[in-house]
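Each remark here refers to the structure printed beneath this line.
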Amino acid sequence: CAVKAAHVLSEIAKNEEMKKPCIEAGLVLTLIPLLESTDQEMLLHAGRAIGRICYDNRGLQEELVKVGVIPSLVQILTDYAESEALVHVALLALYNLADLDSAKEALSMTKVAEQLVKQLRRAESHERLEIVFEVLQALAENDALKVQLVDAGVPEVLSEILLRLQGSSQAEDTCIVKAASDLIVSLLLGDLSRSTCIFQASCCKKTNEKAQVLILARRGNSQGKDSLNSEFASLFLSLYGNCLRMFQLGVIHQLLDLLEKHAQSRDTTVQQAALSALQNLAVPVVSKVQMLEGGVAERIEALLRSESPPVQFKLLGTLRMLADGQADAAEILGQDPQLLSRLVQWCSGSDHSGICGEANRLLASILHHNRSQEVVRAIQAAQGVKHLVSMTTSEHAAMQNEALNALAIASAIDLETLEESFKESQLVQSLHKLLRDDNTSPEVKYNSMGLLCRLLNSGDLRQEIEDDKIKDTLERLCSHSNANVVKEAITTLQVLRGET
């Protein structure tokens, strides 16, 4: 009678009011051993009963994981991969449990990734694809599982799905495309540790990137620093490998095709997902180079006409990631009049503060990473300089430093072209205000003085600096608590006095 009893329980548990009596009677723990049965009908009814009783009950779900339900569910996926009903029950159960950290840890000890890839390949309905995507999204939040998913071939399957559906205009297919793009983003994103590593590793040279990451990691360990250690390096190398693997699979061009296809669509979810994926694929230096050589920058600029704030924000972030550390990219972007015109428009005219900030940051990045006089003149002609001067007074220190560094580099390249804009936007006065303000961070003060030294090469700007009595402020900064600020104040005074 066990099979019939399990069937009755699965039907009873459909009623919300009956869940509590089932729990109080201890039925969940009684049903768990039945998941080891070889009777498919028993597995089906027991699985449904457990899922319905425990649905939306975190305490019970934690208990299920604790008593070992995870290996049983993965075993069902493995042994009965051709049974639509049993696979559906197992996937629903995993979907309900996958958000639990304990479940992720238990799943990392199984071969769930291989089984999910198998189900992705054989899924014929949109409903089945969606539930597998939901499970994969939850698992991709765990670093160990993320590596397993990539090794099991999830990127290859996603590439096949994107390729198969990229020409479809059906709403259901569009949802699947978005889910696949979102999953690509999840496989590329990481936690704070990975972000720190990416930031450090982005300085590595293209030809020996992996080796230098490991060298930096060893240095971090030997000096007891938290900025980068061997764990961060391994996480970065995992991300690095994922990016290159997806690039080799042609995912980037599939994403670009999707962007172009949906460029005029009112539903911008696919555009946002594709841009997020491209932004993260552009993290490794070698990927930036390959993406630029493949014409990515030119193709995504077609979205400049988009009026959707989320798409605009993602577009700016993607372009900034491409330009980061790449002089060639900065020169391409910095000499595109359409892009510069749109950037300047967003710098001041956008009602969305995030877009305004990203537009300014991209403009600063282009100036920072370029080494071309033509780019400086193009940005000056587009009236972008005044926005960078305004950016120096941002409430965010990171943005202030980006603007100050960009203006210093541009001044070193072609101060004569920028001189008039600097005077009109009162750059000297803004720098003096930053130096006088006790709340200004030491790094911003340091970079402000670095820019001042560049401005002293202009006779008119030197006169403004002298008239504004910045010398007195510099002398006070010579007794600042920060050693770097003191050193730069002394240097700037020497330049001002003509001593060096």
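The values are calculated or read from the model by the stated rules, or taken from the named source; none is laboratory data. What you see is a predicted model, and the numbers here were worked out from it, not measured in a lab. Don't worry about glycine lacking a Cβ; one is built from the backbone with ideal geometry, like all the others, and counts go over all protein chains shown. Areas reflect the complete protein model, heavy atoms only, side chains present, ligands, DNA and RNA absent. Shrake-Rupley method; radii C 1.70, N 1.55, O 1.52, S 1.80 Å.
Within the stretch 347-354, can one find any residue that is touching a residue at least 40 places away in the same chain (Cβ under 8 Å), over 20 Å from Glu395 (Cβ atoms) and surrounded by fewer than 23 Cβ atoms within 10 Å (Cβ to Cβ)? No: the stretch 347-354 contains no residue that is touching a residue at least 40 places away in the same chain (Cβ under 8 Å), over 20 Å from Glu395 (Cβ atoms) and surrounded by fewer than 23 Cβ atoms within 10 Å (Cβ to Cβ).
With the structure loaded, tell me whether Ile131 is crowded, with 18+ Cβ neighbours inside 10 Å, closer than 14 Å to Val87 by Cβ, in contact with a helix residue (DSSP H, G or I) (Cβ under 9 Å, 6 or more places away or on another chain) and not basic (Lys, Arg) or whether it fails that test. Reasoning before the result, please.
Details: crowded, with 18+ Cβ neighbours inside 10 Å: yes; closer than 14 Å to Val87 by Cβ: yes; in contact with a helix residue (DSSP H, G or I) (Cβ under 9 Å, 6 or more places away or on another chain): yes; not basic (Lys, Arg): yes.
Against the criterion (crowded, with 18+ Cβ neighbours inside 10 Å, closer than 14 Å to Val87 by Cβ, in contact with a helix residue (DSSP H, G or I) (Cβ under 9 Å, 6 or more places away or on another chain) and not basic (Lys, Arg)), Ile131 qualifies.
Residues in the stretch 355-378: is at least one of a type in the set (A, V, I, L, M, F, W, C) and part of a loop (DSSP other than H, G, I, E, B)? Within the stretch 355-378, not a single residue is of a type in the set (A, V, I, L, M, F, W, C) and part of a loop (DSSP other than H, G, I, E, B).
For the stretch 449-481, filtering for residues that are exposed (fewer than 15 other Cβ atoms within 10 Å of the Cβ) and of a type outside the set (Asp, Glu) leaves 9. Can we say Glu231 is modelled with pLDDT of 70 or more, open to solvent by 60 Å² or more (accessible area, probe 1.4 Å) and more than 21 Å from Arg164 (Cβ to Cβ)? When the stated conditions are applied, Glu231 does not pass them. Against the condition outside the structural domain of Ser372 (by the TED database) and without any contact (Cβ under 8 Å) to a residue 24 or more places away in the chain, how does Asp438 come out, does it pass? Spelling it out, Asp438 is indeed outside the structural domain of Ser372 (by the TED database) and without any contact (Cβ under 8 Å) to a residue 24 or more places away in the chain. For the stretch 279-323, the set of residues classified as more than 21 Å from Leu343 (Cα to Cα) and of a type in the set (S, T, N, Q) consists of Asn280, Ser287, Gln290, listed by residue number.
For the stretch 355-382, give me each residue that is within 24 Å of the chain's Cα centre (by Cα), small (Gly, Ala, Ser) and surrounded by fewer than 24 Cβ atoms within 10 Å (Cβ to Cβ). So that I can check it myself, show each step before the final result.
Taking the stretch 355-382 first, the residues within 24 Å of the chain's Cα centre (by Cα) are 355-370.
Applying the additional criterion that residues be small (Gly, Ala, Ser) yields 357, 359, 364-365.
Residue satisfying the conditions is Gly357 alone.
Note on the stretch 391-411: residues that are in contact (Cβ under 8 Å) with a residue 40 or more places away in the chain and open to solvent by 60 Å² or more (accessible area, probe 1.4 Å) amount to 1. Of all residues in the stretch 79-92, those satisfying the criterion of being open to solvent by 10 Å² or more (accessible area, probe 1.4 Å), part of a helix (DSSP H, G or I) and touching a helix residue (DSSP H, G or I) at 6+ places or on another chain (Cβ under 6 Å) are Ala85, Val89, Leu92. Can you name the residue in the stretch 160-178 that is part of a helix (DSSP H, G or I) and open to solvent by less than 30 Å² (accessible area, probe 1.4 Å) and, of all such residues, is nearest to Thr268 (Cα to Cα)? Looking at the filtered set, the residue picked out is Thr174. Could you tell me which numbered condition Val112 fails, if it satisfies all but one of (1) within 30 Å of Pro33 (Cβ to Cβ); (2) surrounded by fewer than 21 Cβ atoms within 10 Å (Cβ to Cβ)? Of everything listed in (1) within 30 Å of Pro33 (Cβ to Cβ); (2) surrounded by fewer than 21 Cβ atoms within 10 Å (Cβ to Cβ), Val112 misses just condition (2). Residues in the stretch 426-443 that are out of contact with any helix residue (DSSP H, G or I) (no Cβ under 6 Å at 6 or more places or on another chain) and outside any helix (DSSP H, G or I) were compared, and the one that is surrounded by the fewest Cβ atoms within 10 Å (Cβ to Cβ) is Asp438. Would it be correct to say that Lys469 is over 31 Å from the mean Cα position of the chain (by Cα) and basic (Lys, Arg)? Yes: the conditions hold for Lys469.
In the stretch 8-65, how many are in a helix (DSSP H, G or I), hydroxyl-bearing (Ser, Thr, Tyr) and open to solvent by 50 Å² or more (accessible area, probe 1.4 Å)? Working first, answer last.
Keep residues of the stretch 8-65 that are in a helix (DSSP H, G or I), which gives 8-12, 16-24, 27-36, 40-54, 58-65.
Subset that is hydroxyl-bearing (Ser, Thr, Tyr): 10, 30.
Restricting the remaining residues to those that are open to solvent by 50 Å² or more (accessible area, probe 1.4 Å) gives 30.
The qualifying residues number 1.
Taking the stretch 99-145 as the range and being within 28 Å of Leu165 (Cα to Cα) and among the acidic types (Asp, Glu) as the test, the residues that pass are Glu114, Glu124, Glu127, Glu130, Glu134, Glu141. For beta carbons closer than 7 Å, sequence separation of 6+ or different chains, a first residue in the stretch 86-106 that is among the acidic types (Asp, Glu) and a second that is surrounded by fewer than 24 Cβ atoms within 10 Å (Cβ to Cβ), the qualifying pairs are Asp99/Ala138.
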